[in-house]
Each structure stands twice: as structure tokens, then as C-alpha cells.
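Notes for the one structure printed next.
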Amino acid sequence: MFVHKDQYEEYKRRHDHIWPEMSKELKAHGARNYSIFLDEETGRLFAYLEVEDEALYEKMADTEICRKWWDYMEPLMETNPDNSPVSVALKEVFHLT
């Protein structure tokens, strides 16, 4: 994902005050250990989260609260026409268990 360089502080502020109903819905869709990291030089965001069931988590995008959050975050980020964040899938090249 990508955040506009002039919106770093606002992006962090909004996540510091994430809506309780958004947190609840994420957890209900199996999200755990969710972190977002920012590369301040490029505006690139790297999100890491663990999910119990990928199919369940994918349904999160269809929830009203998720769509509301996307609309709220749209001015700060690069987004798709539906206001979902533009994201790039990364290929795992190493994993230590």
C-alpha cells in the first residue's frame, strides 16, 4: 500500500484511534497480530497480519465498516476506484519457523 508523503502523521493518527467497530470486525474475520510499517522515503506501507482462515478474512472487504474505513482513508492513500487501498502482493522468499 502507499500513503501520500504529506499524510504520514494523519495516517498514523487515524490508526492510533482506529474505530472500535473496525477492530472488532477485523478480529471477527480472523485477523491477529496486525502491524503496518511505513517506509518514510517512499510512502510505501507494509502490512503484516496473521489470519485464521483466508476465506473468512477476504469477506472483510464486503463489510459496511470496512467500506466506511476505506472511504475515510481514501484522501491519504493511493486507492482503487472502490476506495480500497492500492496494494501489491509480495512473494515470500524466506520463512523461519
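Values in this text are rule-based calculations from the coordinates and carry no lab data. Predicted model, so just to flag it, every value in this text is computed and none were measured. Cβ atoms come from the backbone with ideal geometry, glycine included; neighbour counts cover every protein chain shown.
Figures for the structure shown
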quantity: Scan of the stretch 57-67 for residues that are in contact (Cβ under 8 Å) with a residue 12 or more places away in the chain and assigned to a helix (DSSP H, G or I), ordered by number; calculated: Tyr57, Lys59, Met60, Ala61, Ile65, Cys66, Arg67
quantity: Residues of the stretch 39-51 satisfying the condition of being surrounded by 13 or more Cβ atoms within 10 Å (Cβ to Cβ) and of a type outside the set (Val, Ile, Thr); calculated: Gly43, Arg44, Leu45, Leu49
quantity: Filter result (buried (at least 16 other Cβ atoms within 10 Å of the Cβ) and touching a Gly at 6+ places or on another chain (Cβ under 9 Å)) within the stretch 52-76; calculated: Tyr57, Met60
quantity: Counted residues, the stretch 75-90 - those being closer than 15 Å to Asp62 by Cα and either touching a Lys or Arg at 6+ places or on another chain (Cβ under 7 Å) or assigned to a strand (DSSP E or B) (or both); calculated: 1
quantity: Selection count, the stretch 77-97, where residues are in contact (Cβ under 8 Å) with a residue 12 or more places away in the chain, surrounded by 11 or more Cβ atoms within 10 Å (Cβ to Cβ) and more than 14 Å from Leu45 (Cβ to Cβ); calculated: 1
quantity: Filtered residue count, the stretch 9-29, keeping only those that are surrounded by 13 or more Cβ atoms within 10 Å (Cβ to Cβ) and under 14 Å from the mean Cα position of the chain (by Cα); calculated: 9
quantity: Looking only at the stretch 1-56, and only at residues there that are assigned to a helix (DSSP H, G or I) and touching a residue at least 60 places away in the same chain (Cβ under 8 Å), the one that is farthest from Glu78 (Cα to Cα); calculated: Arg14
quantity: Within the stretch 15-36, tally of residues that are touching a strand residue (DSSP E or B) at 6+ places or on another chain (Cβ under 6 Å), at negative phi and of a type outside the set (A, V, I, L, M); calculated: 3
